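**Student:** Here it is: the structure, laid out below.
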Amino acid sequence: MTVTNEKAAPWLLLVFSLPARSASQRVQIWRKLQRYGMLALRSSGHVLPNTAVNQERMEWLATAIRTYKGQASVVQVQGFDDLPPEHLKQLFVEARSRDYQKLLHEAKKILALSRARRPGGRLNRIRRRFLELQDIDFFGSPLRAKVENLLAQADKAETPTPGRKTSGKRREYLNRLWMTRPRPGIDRVSSAWLIRRFIDPKARFTFGDDPSAYDEAIPFDMFCSQGFGHRGDDCTFETLQKEFSIKESRVKRIAQIIHDADLGDEKFGRVEGQGLDKVLNGWSKQDVPDDELLQRGMDLIEGLYESFA
């Protein structure tokens, strides 16, 4: 093993020891090692590719180990004498492939059942686990695409059959003024994106707390019975999606993301929206006008939409 302090070192190595009596702490550390995708060497230590995120994770673990009265060192490593770089990368790929294979097996068993017999929440747990694996799939396992395609098929299969909503409904909402509350958050910016993208391409937006101030405006995500808002267990984005029969699979995925971010009930097991929500909350605390905040949020959702292409 060749050790270096240069930032260009491609690998990080965590070497640690814990007191023999620290059984519970050992289990906690082991779970973190698994969660972060660390590869255990047969000789000693655990390896990750050298990135800023991975270094932060290793340093955090090293600190935790020292708190448990153990010893830990994080080392930047240029290479391993008995592990050529390509072989080491392949070991990471094989580790993730085993994880993906388990998800494929479980997902296929669930999808083979009729929708009425599927265990509640199991598919959402698979989606959550898939997102976790994507975060530590450093070198692109070929099974990743298979799991993603299978979950996409599941999304399409779960899309409800549209009712008899006609294109005439959309014509009623063209070239309109849409109103929502100031300081728009994740549900409102995504709803504005949906309106502009699929319902009213020339939509104009205004902000206020009293819908009666603009008789011609269509309220959305406001505390009133008019317009479009939360209905039952649906957030405003889902209400608009269903009301206007927007059936595109990418929109349904975004609807699930927005639902979980806005309502926080983990109904769909989608965690992607949490980061978007934090960004919007950060901008909201700055001196950013409502219209600019809305546009920034719509741009974020557009980027999310394109990422699913």
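**Student:** Can you run phi through the Karplus equation (6.51, -1.76, 1.60; θ = phi - 60°) for region 129-145 and list ³J(HN,Hα) in whole Hz, with x for Gly and Pro?
**Tutor:** Along region 129-145, the couplings run 5, 4, 5, 5, 5, 4, 5, 10, 8, 5, 10, x, 5, x, 7, 4, 5 Hz.
**Student:** Based only on Cα atoms, what mean projected area does the convex hull of the chain have, in nm²?
**Tutor:** Approximately 20.6 nm², given one-decimal rounding.
**Student:** Placing +1 on the Cβ of each Lys and Arg and -1 on the Cβ of each Asp and Glu in region 13-108, which of L103, V74, G45 has its Cα farthest towards the positive end of the resulting dipole?
**Tutor:** L103
**Student:** Just the number please: accessible area per residue for region 1-119, 1.4 Å probe, all protein chains included, in Å².
**Tutor:** Here the per-residue accessible area is 63 Å².
**Student:** What nm value, rounded to one decimal, do you get for the distance between Q101 and D81 when each label is placed 7 Å out toward the C-beta?
**Tutor:** With each label placed 7 Å out from Cα toward Cβ, I get 3.2 nm.
**Student:** Probe radius 1.4 Å, ligands and nucleic acids left out: which of C235, C224 has the largest accessible area, and how do the rest follow?
**Tutor:** So the residues, ranked largest to smallest area, are C224, C235.
**Student:** Rounded to the nearest 20 debye, what is the charge dipole size of the chain about its Cα centre when +1 sits on each Lys and Arg Cβ and -1 on each Asp and Glu Cβ?
**Tutor:** My answer is approximately 1460 debye.
**Student:** Further question on the same structure: Could you tell me the largest-minus-smallest coordinate of the C-alpha atoms of region 82-156 on each of the three principal axes, in descending order and whole angstroms?
**Tutor:** Rounded to whole Å, the extents work out to 52, 16, 16 Å.
**Student:** Something else about it: Suppose we keep just the DSSP beta bridges with both residues in the chain; what percent of those would be antiparallel, to 5?
**Tutor:** Expressed as a percentage, antiparallel bridges in the chain total about 70.
**Student:** Here's something else I'd like to know. Determine the sum of side-chain charges near S73: Lys and Arg each +1, Asp and Glu each -1, restricted to other residues whose C-beta is under 11 angstrom from that of S73.
**Tutor:** 0
**Student:** Next up: Carbon and sulfur together cover what percent of the accessible area of the chain at a 1.4 Å probe radius?
**Tutor:** Using a 1.4 Å probe with all protein chains present, the chain comes out at 49 percent carbon and sulfur.
**Student:** Give, as a single signed number, the net charge of other residues whose beta carbon lies under 9 Å from the beta carbon of F198, with Lys and Arg counted +1 and Asp and Glu -1.
**Tutor:** For residues surrounding F198, the net value is +1.
**Student:** Over all Cα pairs of region 1-138, how is the pair count split among 5 Å bins, expressed in % and running from 0 up to the last occupied bin?
**Tutor:** In order of increasing distance, the bins hold 2, 9, 17, 18, 16, 14, 10, 6, 4, 3, 1, 0 percent.
**Student:** Accessible surface of F228 in the full protein assembly, 1.4 angstrom probe, to the nearest 10 Å²?
**Tutor:** 10 Å²
**Student:** Beyond 28 Å between alpha-carbons counts as too far, so tell me which of K102/K267; K89/K252; K89/K109; K242/K285; K89/K267 fall in that bin.
**Tutor:** Flagged as over cut-off: K89/K252; K89/K109; K242/K285; K89/K267.
**Student:** Would you work out which of H259, L276, Y305 lies farthest towards the positive end of the dipole of region 192-309, given +1 charges on the beta-carbon of Lys and Arg and -1 on that of Asp and Glu, about the Cα centre?
**Tutor:** Sorting the options by dipole projection puts first Y305.
**Student:** Can you give me the accessible area per residue for region 223-284, using a 1.4 Å probe, in Å²?
**Tutor:** 45 Å²
**Student:** Could you point to the residue in Q25, P201, S225 farthest towards the positive end of the chain's charge dipole, with +1 and -1 charges on the Cβ of Lys/Arg and Asp/Glu respectively?
**Tutor:** Q25
**Student:** Convex hull volume of the Cα atoms in region 161-309, per residue, in Å³?
**Tutor:** 114 Å³
The values are calculated or read from the model by the stated rules, or taken from the named source; none is laboratory data. Note that the structure is predicted; figures quoted are calculated from it, not measured. All Cβ positions, glycine included, derive from the backbone under ideal geometry; neighbour counts span all protein chains shown. For accessibility, only protein heavy atoms count, side chains too; no ligands or nucleic acids. Shrake-Rupley method; radii C 1.70, N 1.55, O 1.52, S 1.80 Å.
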